[in-house]
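**Student:** This is the structure I have questions about; it appears just below.
The values are calculated or read from the model by the stated rules, or taken from the named source; none is laboratory data. As the structure is a prediction and not an experimental result, all values here were calculated from the model. Virtual Cβ from ideal backbone geometry, glycine too; neighbours counted across all protein chains shown. Ligands, DNA and RNA are stripped out before the accessible areas are found, and what is left, the full protein with its side chains, is counted by its heavy atoms. Shrake-Rupley method; radii C 1.70, N 1.55, O 1.52, S 1.80 Å.
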Amino acid sequence: MAHPTDEIIRAMHSPTAKDTEIIRDAYDFAEKAHGEEKRKSGEPYIIHPRAIAITLAKLGMDRDTIVAGILHDTIEDTPVKLEEIEKRYGTNVATMVEGVTKLSKLKYRGVERHVESMRRLLVATANDVRVIIIKLADRLHNMETLQYVSEEKRARIALETREVYVPIAERLGMGLLKAQLEDLAFKNLEPEKYKETATFLEEQGQKAKGALDESVKDLRKALAETGIKNFRTESRIKNVHSFSAKLERKDNDIDKVYDIFAVRIIVPTSDDCYKTLGVVHSLWRPIPGRVKDYIANPKPNGYRSIHTTILTPQKIILEVQIRSEDMQKESKFGIASHFAYKDQNVTEKAASLGWALQFIPSLMRVVRGAGAQTAAPLPRWLSELNEAANVFREQKSFQKALKEDFFAERMFVFTPKGDVIDLPVGATPVDFAYAIHSDIGNTMVGAKVNSKLVQLSTPLKNGDIVEINTKKNAHPNKKWIDFAKTSSAKHHIRNTISRIESGQKP
Ligand code: MN
């Protein structure tokens, strides 16, 4: 019998009868819980969790994650209690639903503040990286249905998507979701520019279609002749936002943008990738300096592929991306692609966690180096990462990943209890104190970094453990404004000083 979950099940990689049964049950449960509740579009609310479940299934996520996706708004919006979810669907599902609920409780308090909180929470509170993936799927559907909310809210959500969710999707290697979110944000934030760019790309695509098809045909023939079997090709036009950003970087000179068109060649092994590169270069003239070997040198988010740009006889400049089937999966789904394999051996599991390791390498150092000092219990997925690190540490790629940070311009420092504080690079103990609470900042008299007394102007480093000493009647010093990095610290210092000067109690 047909059921509204059929599309979810079909999108799953290899669903069992039990998966089907539980997903149906969760759907009926959520539908009943949401009852008469409607989306802004006027449709029944359940279409939203259903859309998320489909995205999660397409990403190859496991049954628990899909069930958690179906239930993700029940705690917040309906009388359903977490205990009930736990009883029906287990601790795993309940923990994920709780995590998503926690993340959605964050209220907007200005972009800078909010971005900080979001990132901090995503890293520190998400006790399971799958919570973040559910959150990304949730955001995708909200972005797809953004036309139904007020203009003000639309701009806020689109900006947040661009500043918080797009970088996270990128860092997790989820290229497909990243591109979707990025284009939707672009469309809502700069509708005119979006339309202009999209139209341009479409026109170019129409114009070049015949020549492109011909090139792909030549390519397929040459590959087959060389004996490369089981390959497939995909032609594509760049996503709208990345094209527009590139055009801007090249002073809006369209002749300087080489890769409007790209063809992707997917082959069985990485050996085949190099063979294919040879075929491509003997078929067409490569443009010098445009070969990039991301197989030998993967991008920080794990992206692997070979890129080259060539000129076809029809004078079309074409970017060629060559990768194996595994690399293709990873580049589209990133961290999620590693959940798709049901029976991984230990090394593979470690490799898959390696993706997540890159998420917060600096935290790993603290976890390994100073575990005893940070008594606070780690989120479960972090301790799993810690264990996986032992297997993975031998590998060069792990060492390399360690050098990269989740957000190059941000750093994570810790309270003595192990709470994570997310600060901009160059921030000082003053920023740290105010980030915890304005009262702590206002009464600060000294700071210890990694148990050593330091000057308040000392720039903090990733992974530092910072302790602030306060005194009851102390108050801020004007000089602090010079070395504070966050606008919130500067703001509090100024306010407090002016209140003291005007004779009010601080
Ligand atoms: Mn939702």
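**Student:** Give, in nm to one decimal, the length gained when the segment between Asn297 and Glu196 is fully stretched (0.36 nm per residue of separation minus the Cα-Cα distance).
**Tutor:** So the extension gain works out to 32.8 nm.
**Student:** A further question follows. For Thr226, Thr95, what's the largest-to-smallest order of accessible area, 1.4 Å probe?
**Tutor:** Listed by decreasing accessible area, they come as Thr226, Thr95.
**Student:** In addition: Out of the range 244-283, which trypsin sites (Lys or Arg not before Pro) are coil in DSSP terms and have no more than 14 other C-beta atoms within 10 Å?
**Tutor:** Lys250
**Student:** If packing is taken as the mean number of other Cβ atoms within 10 Å per residue, what is the order of 135-142, 50-57, highest first?
**Tutor:** 50-57, 135-142
**Student:** Quick one, can you get me the convex hull of the C-alpha atoms of the range 192-331 expressed as volume per residue in Å³?
**Tutor:** In the range 192-331, the Cα convex hull volume per residue is 115 Å³.
**Student:** Out of the chymotrypsin sites (Phe, Trp or Tyr not before Pro) in the range 411-506, which ones are loop residues according to DSSP with at most 11 other C-beta atoms within 10 Å?
**Tutor:** Those that pass, being in a loop and sparsely packed, number zero.
**Student:** Once both labels are modelled 7 Å past Cα along the beta-carbon direction, what's the Lys217-Asp25 spacing in nm?
**Tutor:** 5.6
**Student:** Further, regarding this structure: Along the principal axes of its C-alpha atoms, what lengths does the range 409-501 span, in descending order and rounded to whole Å?
**Tutor:** That works out to 37, 27, 20 Å along the principal axes.
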